[in-house]
Amino acid sequence: QVQLVESGGGLVQAGSPLRLSCAASGRTFSRYAMGWFRQAPGKEREFVAAITWSTGSTYYADSVKGRFAISRDNAKNTVSLQMNSLKAEDTAVYYCAARRVPGPVTESRFYDTWGQGTQVTVSS
């Protein structure tokens, strides 16, 4: 069984950077893409960023474009999210997810493996 484990969350001040990492462990699995989603209290889970595993194409939500960068390390089986210029509205639980089949990378319903989430809190 494949497991995704996020790390790197924490409490930071507005304007600070933070880097999240997601490590995949377990049996080898093929994946089309991996993504980051977030959920703030009282809100629905929303797409943040995604990267296709074979080509490295990246996708971002408009709210984070220019501030966040997603990357992958095929050899280490990890995906990272570099978050710069953090804002209070970025506060949320961030989830790493993987999907095996091609399709819209911004839609959470197509992802079949999820991590447990890591809390990011940005103080203003």
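The values are calculated or read from the model by the stated rules, or taken from the named source; none is laboratory data. Just so you know, these numbers come straight off a predicted model, no measurement behind them. Heads up, the Cβs are rebuilt from the backbone with ideal geometry, glycines too, and the neighbour counts pull from every protein chain shown. Note: accessible area is taken over every heavy atom of the protein model, side chains too, but ligands, DNA and RNA are not part of it. Shrake-Rupley method; radii C 1.70, N 1.55, O 1.52, S 1.80 Å.
Descriptive notes on the structure:
- Residue match in segment 7-17 (condition: touching a helix residue (DSSP H, G or I) at 6+ places or on another chain (Cβ under 9 Å) and either over 14 Å from Ser108 (Cβ atoms) or surrounded by fewer than 17 Cβ atoms within 10 Å (Cβ to Cβ) (or both)): yes
- The residue pairs whose first member lies in segment 60-76 and is touching a residue at least 40 places away in the same chain (Cβ under 8 Å), whose second member is open to solvent by 60 Å² or more (accessible area, probe 1.4 Å), and whose beta carbons are closer than 7 Å, counting only pairs six or more residues apart or on different chains, are Ala61/Glu46.
- Pairs linking a residue in segment 1-22 that is closer than 14 Å to Val122 by Cβ and hydroxyl-bearing (Ser, Thr, Tyr) to a residue that is open to solvent by less than 30 Å² (accessible area, probe 1.4 Å) and assigned to a strand (DSSP E or B), with Cβ atoms under 8 Å and 6 or more positions apart or on different chains, are Ser16/Val122.
- Residues of segment 65-97 that turn out to be more than 17 Å from Gln13 (Cα to Cα), under 13 Å from the mean Cα position of the chain (by Cα) and not aromatic (Phe, Trp, Tyr), as a count: 10
- Hits in segment 59-94 (condition: open to solvent by 60 Å² or more (accessible area, probe 1.4 Å) and of a type outside the set (Gly, Ala, Ser)): Tyr59, Asp62, Lys65, Arg72, Asn74, Lys76, Asn84, Lys87, Glu89
- Ala49 being open to solvent by 30 Å² or more (accessible area, probe 1.4 Å) and within 24 Å of Gly103 (Cα to Cα): no
- Of the residues Thr55, Thr121, the single one that is open to solvent by 40 Å² or more (accessible area, probe 1.4 Å), in contact with a Leu (Cβ under 6 Å, 6 or more places away or on another chain) and on the phi < 0 side of the Ramachandran plot is Thr121.
- Failed criterion for Gly103 (all others in (1) open to solvent by 70 Å² or more (accessible area, probe 1.4 Å); (2) at pLDDT below 90 hold): (1)
- Yes/no for Phe110 being touching a strand residue (DSSP E or B) at 6+ places or on another chain (Cβ under 8 Å) and over 30 Å from Ser123 (Cα atoms): yes
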